[in-house]
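A quick write-up on the structure given underneath.
The values are calculated or read from the model by the stated rules, or taken from the named source; none is laboratory data. Predicted, not measured: the structure shown is a model, and the values here were computed from it. Glycine gets a Cβ as well: all are built from the backbone with ideal geometry, and neighbour counts include every protein chain shown. Please note that ligands, DNA and RNA were not included when accessible areas were found on the heavy atoms of the full protein model with its side chains. Shrake-Rupley method; radii C 1.70, N 1.55, O 1.52, S 1.80 Å.
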Amino acid sequence: EEHKAHDPVEAERLKEAGAQVITKRYDDGEMVSRVFIPKTGAPGLAMSRSLGDGGLKKYGVTAEPEVQEISGHWRDCAAPIIVLASDGLWDTISVEETVTALAARSRSGLDVQLGAEALLRRSQRLWIEAEADYCDDVT
């Protein structure tokens, strides 16, 4: 699951901490939200949880992870993998596409790390194609 400021649970935590959250819904149904320090217009963070962005911690942005028990799934996988990535990747390439590509490499005996690096480069190209002169942090 994504940690976005328009998610009801995330929104409640941010609101209680005094964050300014601006949400926009587009005609195609996509919803985008940004977290700001109140009355500043900055920084406009696109997520509600972050390892960095220390200036927003007192406004409810947290580095606390969402944890789920997956031991049973992990044991059942022939070649389990973990993908940790920033929104820069997930905004351009879906979780399903990422896992499918990396799992296929793993099953074929190919280097999964090289596959991950290829996905990062592809994501950067997609950002540049869509935004012309902008590429989000893709890690």
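Applying the selection to region 56-106, what residues are assigned to a helix (DSSP H, G or I), in contact (Cβ under 8 Å) with a residue 24 or more places away in the chain and either over 22 Å from ALA116 (Cβ atoms) or not hydrophobic (A, V, I, L, M, F, W, C) (or both)? Listed by number, the residues that qualify are LEU56, LYS58, TYR59, ASP87, GLY88, SER106.
The lone criterion from (1) in contact with a strand residue (DSSP E or B) (Cβ under 9 Å, 6 or more places away or on another chain); (2) over 19 Å from VAL9 (Cβ atoms) left unmet by LEU120 is number (1). May I ask you to verify whether ASP53 is among the charged types (D, E, K, R), modelled with pLDDT under 85 and closer than 22 Å to GLN113 by Cα? In short, no. Just a yes or no: is a residue in region 108-116 within 18 Å of HIS3 (Cα to Cα), of a type outside the set (A, V, I, L, M, F, W, C) and not in a loop (DSSP other than H, G, I, E, B)? The answer is no; no qualifying residue exists. Suppose the filter is open to solvent by less than 70 Å² (accessible area, probe 1.4 Å) and either farther than 27 Å from GLU12 by Cβ or touching a Leu at 6+ places or on another chain (Cβ under 8 Å) (or both); does LEU56 pass it? So LEU56 passes the test. Filter region 83-98 for residues that are within 30 Å of GLU12 (Cα to Cα) and either of a type in the set (Ser, Thr, Tyr) or touching a Phe, Trp or Tyr at 6+ places or on another chain (Cβ under 9 Å) (or both); which is least open to solvent (accessible area, probe 1.4 Å)? Taking the candidates together, the pick is GLY88. Among the numbered conditions (1) modelled with pLDDT of 90 or more; (2) buried (at least 17 other Cβ atoms within 10 Å of the Cβ), the only one that TRP127 does not meet is (1). Filtering region 11-45 to residues that are over 15 Å from THR62 (Cα atoms) and part of a loop (DSSP other than H, G, I, E, B) leaves TYR26, ASP27, ASP28, GLY29, GLU30, PRO38, LYS39, THR40, GLY41. Residues in region 63-78 include at least one that is touching a Leu at 6+ places or on another chain (Cβ under 7 Å) and either assigned by the TED database to the domain that holds ALA101 or under 30 Å from ARG25 (Cβ atoms) (or both). Of all residues in region 107-117, those satisfying the criterion of being in contact (Cβ under 8 Å) with a residue 12 or more places away in the chain and open to solvent by less than 90 Å² (accessible area, probe 1.4 Å) are VAL112, GLY115, ALA116.
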